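Comments concern the structure below.
The values are calculated or read from the model by the stated rules, or taken from the named source; none is laboratory data. If you're wondering where the values come from, they're calculated on a predicted model, not measured in any experiment. Positions of Cβ are backbone-derived with ideal geometry, glycine not excepted, and every protein chain shown enters the neighbour counts. Protein only, heavy atoms only, side chains kept; ligands, DNA and RNA dropped before computing areas. Shrake-Rupley method; radii C 1.70, N 1.55, O 1.52, S 1.80 Å.
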Amino acid sequence: MITNHNNSHITSFFLSGLNEPMNLRVVLFSVTLLCYCFIVLVNVAVIVTIILDKNMHEPMYILLCTLCINGLYGTTGFYPKFLWDLLSAVQVISYSGCIFQALVMYSFVCSDLSILAVMSYDRYVAICRPLVYHSVMSKKILLMFISFSWFTPFCISAVTMILTSRLKLCSPYIARLYCVNLNIVKLACLTAETVVNNIVSNLTVTFFLFQGFLIVWSYVFVIRTCVNSLENRARFMQTCVPHLTSLLFFVVTMLLDVFNLKFGSNLSLTIQNVIAIELLILPPIINPLVYGFKLTKIRIRILSVITFKIK
C-alpha cells in the first residue's frame, strides 16, 4: 500500500460509512437497486420523450433534458460502486477511483446549480420579455448556456481535484459512503498544504453564490410581472412551479450535505449516511417526476406511449 503515487503514500481508501450487519445490507441492496433503476427509468423516459418529440425542441424542454442527463451522470458516479460495497466485506476504493468519484460528485452538484440558474433566466425572459424571447434564447445562445453549465463546473471541479491530488495524506480512512473532496482534504498531513485548496474553494463558492443571486433576481422580476396578469400567473403555475420545486429540493439537500460535511461528526453514522445520499436520491427523482406531471406536453406524450404499449 506504499507508493509515490501523486505525492501520496496512499494507494487506496477505506470507506468507513457502512456499519450495518450483512443481513440488513442485503435489504439495503435491494432497495437501493430499485431506487437506482427507478431514477434511470424516469430520467431516460423524460430525455427520450423530449428528444423524439420535435414540438418539445424548445429551450425550457431542452434545459430539462440537460438537467435529467446531469442527474444520470451524478447517480452513475455513486450507485454502482455503492451497490458493490453493500455486498462486500470491506469497502475499498483505489486512490485514482476516489479522486475520479469526487470529481463526478463535485461537477454533478455544480452543474445542477448552473442548469437551474439558466432555467430561471429562461423563465424570466419568457414571462418578462416575451417579445424578444426567441432572439434572446436562440439555439446558438442556448447551446452556449448549456456548454457553460456543463463545461465550467467540470473545469472548476477538475482544478479542485488536481490541487487535492498533490496533497500528502496521512490516513486512508474516509468516514463516508463515497468520496468527496472535502473529506480527502481533511486527511492532509499538513494544514499549510491546503491553503491553496481553501482559496480555490472560497472562489468557487463565490462564483456559485453569484448564480444563486441570478436565480433570485430572475424570480423577483417574474413574480412582479405575474402579480397583475392572470395569463402570466397561469404560465407561472405551469412552468415556474416545477422549476422552483426542483430548486427547493436541490438547495435543501445541498445545504444539509454541506452541514453534514462541516459539522456532522456529532450525528450518528446512520443520520450522516441518510443526509449524504439525499442529494443523490431526491433531485434525480423529483426533477423528472415534477416536470413530467406538471408540464402538459411531457405528461400527455408519456401517457400516450404508456397507453399504446398497454393496447
Segment Phe100-Val220, extension gain: residue separation times 0.36 nm, minus the distance between their alpha carbons | 39.4 nm
Please give the peptides 235-246, 34-45 ranked by average Cβ packing (other Cβ atoms within 10 Å per residue), highest first, as a rough proxy for protection.
-> 235-246, 34-45
Quick one: grab the alpha carbon gyration tensor of the stretch 108-185, order the square roots of its eigenvalues as a ≥ b ≥ c, and give me rounded if a/c is under 1.5, else prolate or oblate depending on whether a/b is larger than b/c.
-> prolate
Can you give the accessible area of Ile162, probe radius 1.4 Å, in Å² rounded to 10?
-> 110
Roll a 1.4 angstrom probe over the protein heavy atoms and tell me the percent of accessible area of the chain that is carbon or sulfur.
-> 73
Under 12 Å from the Cβ of Phe221, count the other residues' Cβ atoms, weight Lys and Arg +1, Asp and Glu -1, and hand me the total.
-> +3
Contact order normalised by residue count of the stretch 104-234, Cα under 8 Å, 6+ apart, percent = 39
What number comes out for the charge environment of Phe78, summing +1 per Lys or Arg and -1 per Asp or Glu over other residues with Cβ under 15 Å away?
-> -2
State the extension gain, in nm to one decimal, for the chain segment bounded by Phe263 and Ala158, taking 0.36 nm per residue of separation less the distance between their alpha-carbons.
-> 35.2 nm
Any idea how far apart Ile271 and Lys140 come out in nm if each label point goes 7 Å out from Cα toward Cβ?
-> 5.5
For the chain, which cysteines have no disulfide-compatible partner, meaning no other cysteine Cβ under 4.7 Å?
-> Cys35, Cys37, Cys65, Cys68, Cys110, Cys128, Cys155, Cys226, Cys240
Taking +1 at the Cβ of each Lys and Arg and -1 at the Cβ of each Asp and Glu, which of Val46, Phe210, Phe259 sits farthest along the dipole of the chain towards its positive end, judged by Cα position relative to the Cα centre?
-> Val46
Treating cross-link reach as a plain straight distance, find the aspartates and glutamates whose alpha-carbon is under 14 Å from the alpha-carbon of Lys139, omitting any fewer than eight places away in the same chain.
-> Glu58, Asp122
So, in nm, how far is label Val40 from label Asn19 when the simple model puts each one 7 Å beyond its Cα toward the Cβ?
-> 3.2
Local charge sum around Leu187 (other residues, Cβ-Cβ under 15 Å, Lys/Arg +1, Asp/Glu -1)?
-> +3
What does the accessible area per residue of the stretch 46-190 come to in Å², with a 1.4 Å probe and no ligands, DNA or RNA counted?
-> 41
Relative contact order as a percentage, the chain, C-alpha pairs under 8 Å and 6+ apart, gives 26
